[in-house]
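Derivation of every value follows stated rules applied to the coordinates shown; laboratory data play no part. Note that this is a predicted model, so its numbers are computed, not measured. Note: ideal-geometry Cβ built from the backbone for every residue, glycine included; neighbour counts use all protein chains shown.
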Amino acid sequence: MPAYSPLSLVFLAVLGAAASQPSLSDAQVSEKWNRLGNLSPYHKAPIPSGVKEVLPADCRVDQVMLTGRHGSRYPLASELIFITNMTAKLSSNAQAISRSRLPKELRFLENGYTSTLGHDDLTAVGRQELFDHGVNFRLRYQHLTADAILAGDQDRVIESAQWFGQGYFGRSWSEISGNAFSTIPEDNVTVSWITPMDTCPKWQYAFGGDAVTSWGNKYLPSITKRLNRLTPALRFTDADTHGALYACAYDYAALRTSPWCGAFTDQEIASFEYELDLLMNGAFGYNLPGDMGPTLGSLYVNKLIERFSNSSSDAKAVYLEFGHDTTIDMALTALGLAKDSPPLSPTGPVRPKRKFRTSEQVPFAAQMVWEKFSCDSSFHGPQIRLVLNDSPFPLTFCSKTSSDRSYGTCSFDAFVSKNSFSTSRQWGDAAWNATCGASSL
Ligand SMILES: *[C@@H]1O[C@H](CO)[C@@H](O)[C@H](O)[C@H]1NC(C)=O
Ligand SMILES: *[C@@H]1O[C@H](CO)[C@@H](O)[C@H](O)[C@H]1NC(C)=O
Ligand SMILES: *[C@@H]1O[C@H](CO)[C@@H](O)[C@H](O)[C@H]1NC(C)=O
Ligand SMILES: *[C@@H]1O[C@H](CO)[C@@H](O)[C@H](O)[C@H]1NC(C)=O
């Protein structure tokens, strides 16, 4: 696996340039942008220590399945309201704020702060992330050819898949074949490994939302107090503070800079990052009740196994599919990867060594790539590897041989047998119904 193609180096250089503009707030942003949980821009995940990044030279990837998250987007409408309210607060207190002695991290408020963020749609940053991914994927797997793209039927996912397609196939790719591009509904009547929670009646977003509320009650007040002490004219509430944290993340997602990121300490950003981990873990991960997390993710694991088991000569070599951070988190949960023990607690503390890290695992434009590979002599028989955000993600449930451990890989047979939780269930069977409630599809 080539580490960085020239194109992604250019992309990083651009990022670096944007982050090193002279103002103080931008300099501080450069330290923080990749710790904004699932609202972070795309970045390569760290390579786990002791794990080799590149497979031995005698190995070839025979099949690959990409599950991509849509790129950087504007805030959801439910998040934008926090930013809008905070901005309205600033403008109604504008005179008092401009008469205040502003500390350096809030000096940008001298000229007011306005926001023109949209909501829900992909941003320019998101377009670039996906286009670059398409190019890089083409360069990385030159010997394998894709002939189709599948996207969850939501605007930002579809647009992401289209930009990827432009990068991968070129501008006339829609003419390659009549059905090269297709969508799968994201609704409560379509069984889908991309959005399995939508056909699980007992699933609720509140499983994560409630954790966010508890944690917010714990960490936001002291930030609000600090900001109001610095500049009493702000008169921030905790909701305004939350809005300012969102403004940091979403200005960055849309513009690659935000004066707000510099207004927070590293520890405050770490508390916000933890909020995002709690949300995803609670609604799409290990903190779902009972075995709901692995049950939902089993649809994905079974799809992967079905494809990599297909020995028919017309089995596809490449799957290019697009969905959400939730898709990836549920898959990790079914696989038992990135699991914390004890589980993450909505009252803290923030454990800096926790394994479930949305910043590294599901930033915008995250890429979960599964490689099925074989080797002349380094490994015997078909093997499987997970490359998550351009770095190997060790399949720790395997690690039978020293090669497994060096490369984080698994023989495909061992992978299948270790995932008996998933392979022993399917949508709508007794186990699914017990966890999700019977669905009337
Ligand atoms: C935003 O402001 C409106 C009007 O004051 C208020 O009703 C609403 O609860 C606020 N929303 C948030 C998320 O703070
Ligand atoms: C699907 O959602 C619609 C509303 O969006 C609702 O009316 C319908 O009952 C739901 N169907 C199932 C099978 O849950
Ligand atoms: C194997 O792949 C081919 C081509 O995509 C498909 O038609 C067939 O249904 C697959 N078989 C299985 C068992 O999944
Ligand atoms: C699960 O629930 C569905 C919908 O009610 C039903 O059709 C199906 O038979 C149930 N499965 C089992 C194994 O009971």
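Would you calculate, for the chain, the mean residue ellipticity at 222 nm contributed by helices, counting each DSSP H stretch of 4 or more residues as -39,500 (n - 2.57) and dividing by all residues, to the nearest 500?
Taking each H run of at least 4 residues, the total per residue is -14000 deg cm²/dmol.
Sequence-distant or interchain residues sharing an amide H contact under 5 Å with VAL51, placed H: which?
Those qualifying (amide H under 5 Å, at least 5 residues apart or on another chain) number zero.
What does the highest-first list of 75-84, 284-293 look like by mean Cβ count within 10 Å?
284-293, 75-84
Enter the Cα centre distance for the pair the range 250-266 and the range 86-113, rounded to the nearest angstrom.
16
Taking LYS52 as the anchor, which aspartates and glutamates have their alpha carbon closer than 14 Å to its alpha carbon, excluding any fewer than eight residues away along the same chain?
Correct list for LYS52: ASP390, ASP404.
What order do you get for 323-336, 181-194, 363-376 when each peptide is scored by the mean count of other beta carbon atoms within 10 Å, highest first?
323-336, 363-376, 181-194
Expressed as a rounded percentage, what relative contact order does the range 298-406 have, with Cα pairs under 8 Å and six or more residues apart?
Value for the range 298-406: 18 percent.
Once each part is reduced to its C-alpha centroid, what is the distance from the range 347-423 to the range 59-80 in angstrom?
17
Among 270-279, 299-308, 410-419, what's the highest-first ranking by average C-beta atoms within 10 angstrom per residue?
Going by the mean number of other Cβ atoms within 10 Å, highest first, we get 270-279, 299-308, 410-419.
Of the cross-linked pairs LYS32/LYS355; LYS202/LYS339; LYS372/LYS418; LYS32/LYS353; LYS218/LYS355; LYS225/LYS339, which ones have a Cα-Cα span greater than 27 Å in the structure shown?
Exceeds cut-off: LYS225/LYS339.
In the chain, if the dipole is taken from +1 on Lys/Arg beta carbons and -1 on Asp/Glu beta carbons about the Cα centre, which of SER98, THR401, PHE373 is farthest to the positive end?
Farthest towards the positive end: SER98.
Over the chain, what is the relative contact order in percent, taking alpha-carbon pairs closer than 8 angstrom and at least six residues apart?
Worked out over the chain, it gives 28 percent.
Reachable aspartates and glutamates from LYS104, Cα under 20 Å, same-chain residues fewer than 8 places away excluded?
Within the straight-line cut-off, LYS104 pairs with ASP26, GLU31, ASP240, ASP251, ASP266, GLU268.
Of all DSSP beta bridges located in the chain, what percent are antiparallel, nearest 5?
Of all bridge pairs located within the chain, approximately 60 percent are antiparallel.
Once a ≥ b ≥ c are taken as the square roots of the eigenvalues of the Cα gyration tensor of the range 285-333, is the result rounded (a/c under 1.5), prolate (a/b larger than b/c) or oblate (a/b not larger than b/c)?
It comes out oblate by the Cα gyration axes.
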